[in-house]
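The values are calculated or read from the model by the stated rules, or taken from the named source; none is laboratory data. Quantities reported herein were computed from a predicted structural model and do not represent experimental measurements. Neighbour counts are summed over all protein chains in view; Cβ atoms, including those assigned to glycine, are modelled from backbone coordinates with ideal geometry.
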Amino acid sequence: MIIMSGIETMILTLREAGFPLILLWLLTLSVVYGILSHIQLPKSLSARGVISIVAAFMVLFAAAAQEATVFIENIVLSGVIIAFALLIVMIFLELTGTKAEGKHIFEKHPMQFALALILLVILIFIGAGGLGILNIPSFEINEPMIAIIFFLIIMLTAIWLLVKESSDNK
């Protein structure tokens, strides 16, 4: 039986949490930013930062190519599905001419639509397996679940249109 000390346990926990990848990313970021700052190649500090971040991500993707490509593929696929659903909802709102107090619904409630978009970005991150990167147990948002949610949204929109139309006729 092997007995591990507290330090060995901590090192194993950090390794399982992806700490070596984080260190690799930070090391690449700092080295590239340091070299660019030393030679003052781009005059802009923000340009140096962007170049450093991109280089660090490229090294990270090369080191953890399998996990990174699956994660990016899932994010892109989920993003396309959500963007299509948002487009359909926006078309429905435009077709109905939904207005609130004489203003278009997007102008009247910009904060609510911004919160909805932030919620969708969080859902895309979770659905793409982002919780696995953070070492949090995840749940899967798969295509049947998205189809059911999309169907429910369309059904609720249709019911809302019928109720709105019947209240306008009174």
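What to note about this one:
- Count of residues meeting criterion [outside any helix (DSSP H, G or I) and exposed (fewer than 12 other Cβ atoms within 10 Å of the Cβ)] in the stretch 5-62: 5
- Between Leu115, Leu93, Leu87, Leu45, the distinction of being modelled with pLDDT of 80 or more, closer than 28 Å to Phe150 by Cα and out of contact with any Gly (no Cβ under 7 Å at 6 or more places or on another chain) belongs to Leu115 only.
- Residue satisfying all of: in the stretch 96-112; surrounded by 14 or more Cβ atoms within 10 Å (Cβ to Cβ) and polar (S, T, N, Q); modelled with the lowest pLDDT among these: Thr98
- So Ile81, is it modelled with pLDDT under 75, touching a helix residue (DSSP H, G or I) at 6+ places or on another chain (Cβ under 7 Å), crowded, with 16+ Cβ neighbours inside 10 Å and not assigned by TED's automatic domain parsing to the domain that holds Tyr33: no
- Residue match in the stretch 132-141 (condition: modelled with pLDDT of 70 or more, assigned to a helix (DSSP H, G or I) and not assigned by TED's automatic domain parsing to the domain that holds Glu16): yes
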